[in-house]
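Below is one structure; the comments refer to it alone.
Each value in this text was obtained by applying a stated rule to the coordinates, not by laboratory testing. The shown structure was predicted, so the numbers you read here are calculated from the model rather than taken from an experiment. No Cβ is skipped: glycine too gets one built from the backbone with ideal geometry, and neighbour counts run over all protein chains shown.
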Amino acid sequence: MVPPVPKTKNHVDPSVSSSTSPPLQIQPRGFRIPEAALYSGFSPFAVEEFIRQGLLPAVGGVDWLKYAPNEIGLSAYVVLKEDLDKFLDSLKGAAQERAAYRQREAARARKTVKAVAA
């Protein structure tokens, strides 16, 4: 067990701010895979698969220097928030089509059940 640091006359508690300004809130412009997953609702595995399949643009990754040889090497993928938003918006149309298809199939199944019961 580490002994507590004794408080001295000049001791400053780092949990107490001496400023009257509110803490700085920074909104990230880019997300690594775990943060992109939290933001989007997908699993980290799904986000990485979308990137690898070319469906979701991302900066970095192990093959980044093949495409941007004059850039710095980035081993982690970073997905820009605007790209993630566009990707999610692009899925909306497919989701609406799937919902309409399921509604038609459910209605057809109900008609079939009624016809068999009659």
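Listed values, structure above:
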read-out: FRET efficiency for E97 and E49, using Cβ-Cβ distance with R0 set to 22 Å, rounded to 0.05; value: 0.55
read-out: Ranking of Y77, Y101, Y39 by count of other Cβ atoms within 10 Å, fewest first; value: Y101, Y39, Y77
read-out: Theoretical gain in end-to-end length, L88 to V116 [0.36 nm per residue, Cα-Cα removed]; value: 5.9 nm
read-out: Local electrostatic count, R104, Cβ distance below 13 Å [Lys/Arg +1, Asp/Glu -1]; value: +3
read-out: For S75, S40, order by how many other beta-carbon atoms lie within 10 Å, fewest first; value: S75, S40
